[in-house]
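These notes are about the structure you will find just below.
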Amino acid sequence: MLTLHNFNFTTWDHYLQKQIGHSIPWHIGSDHLEHPLYATDFFKMLHEFKASDFYDHNYQRTLMQKNMPTPVTEADIITIANESHDFFKLRATLSMIIENEKYFEGLWAAMLEKGILQKLLKQLNLTTPKDFPMW
């Protein structure tokens with residue numbers, strides 16, 4: 001039996017809209033370094049996306065197949081968010097962002113504050129093929 005793991009774009013679009021322009025607070029951790037303080041709702045959204053069929057577990061391969069530059073810059077991500085109609089590129093880009101906070105701390109903060117994450121999700125929703133997921 002096919003199990004679909006859906007992601008509610010409408011609910012999260014409203015949440016992300018409220019985040020635009022708001023600075024993510026940073027705090028000093030036990031390691032004496034600054035770290036962003038993300039809201040519980042944001043982690044819930046990331047978890048739901050990662051548990052959905054929209055998350056690309058092979059995002060690195062997909063981005064390579066789509067001839068994405070290495071490394072992918074914020075400017076590249078903004079271009080994808082504004083111009084791409086390629087469902088698989090959008091899906092892989094969102095998945096890459098989710099995974100890369102651990103390497104580029106504050107990435108999520110920039111994507112939230114500037115509305116880039118919201119644009120990517122909107123484009124992904126608009127470009128989702130009618131037969132997705134394609135099992």
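Solvent-accessible area of the range 43-135 (1.4 angstrom probe, protein heavy atoms only): carbon and sulfur portion equals 54 percent. Computed with every protein chain present, the accessible area of S23 is close to 100 Å² [probe 1.4 Å].
In terms of accessible area, using a 1.4 Å probe and ignoring ligands and nucleic acids, K122, K102 rank largest first as K102, K122. Helix 116-127 and the longest principal axis of the C-alpha atoms of the chain enclose an angle of approximately 10°.
Every pair of different Cα atoms in the chain enters the Kirkwood calculation, which places the hydrodynamic radius at 15.6 Å.
A 1.4 Å probe run over the protein chains yields, for the chain, 62 Å² of accessible area per residue, whole-number rounding. Within straight-line reach of K50, meaning a Cα separation under 18 Å, sit the following lysines at least 8 residues removed in sequence or on another chain: K89, K102, K119, K122. Listed by chain and number, the aspartates and glutamates placed with their C-alpha closer than 20 angstrom to that of K66 are D53, D56, E74, D76, E83, D86, E99; residues fewer than eight positions away on the same chain are left out. With all protein chains in place and ligands, DNA and RNA left out, the 1.4 Å accessible area ranks K130, K50 as K130, K50, largest first.
Summary value for the range 6-130: 36 percent relative contact order, contacts being C-alpha pairs under 8 angstrom separated by 6+ residues.
Quick one: go through the range 77-102 and flag any residue whose amide nitrogen is under 19 Å from the point 7 Å out along the Cα-to-Cβ line of E34. Counting backbone N atoms under 19 Å from the label point, the list is 101-102.
The values are calculated or read from the model by the stated rules, or taken from the named source; none is laboratory data. None of these values were measured; they are calculated from a predicted model. Cβ: placed from backbone, ideal geometry, glycine included. Neighbour counts: every protein chain shown. Ligands, DNA and RNA are excluded from the accessible area calculation, which covers all protein heavy atoms including side chains. Shrake-Rupley method; radii C 1.70, N 1.55, O 1.52, S 1.80 Å.
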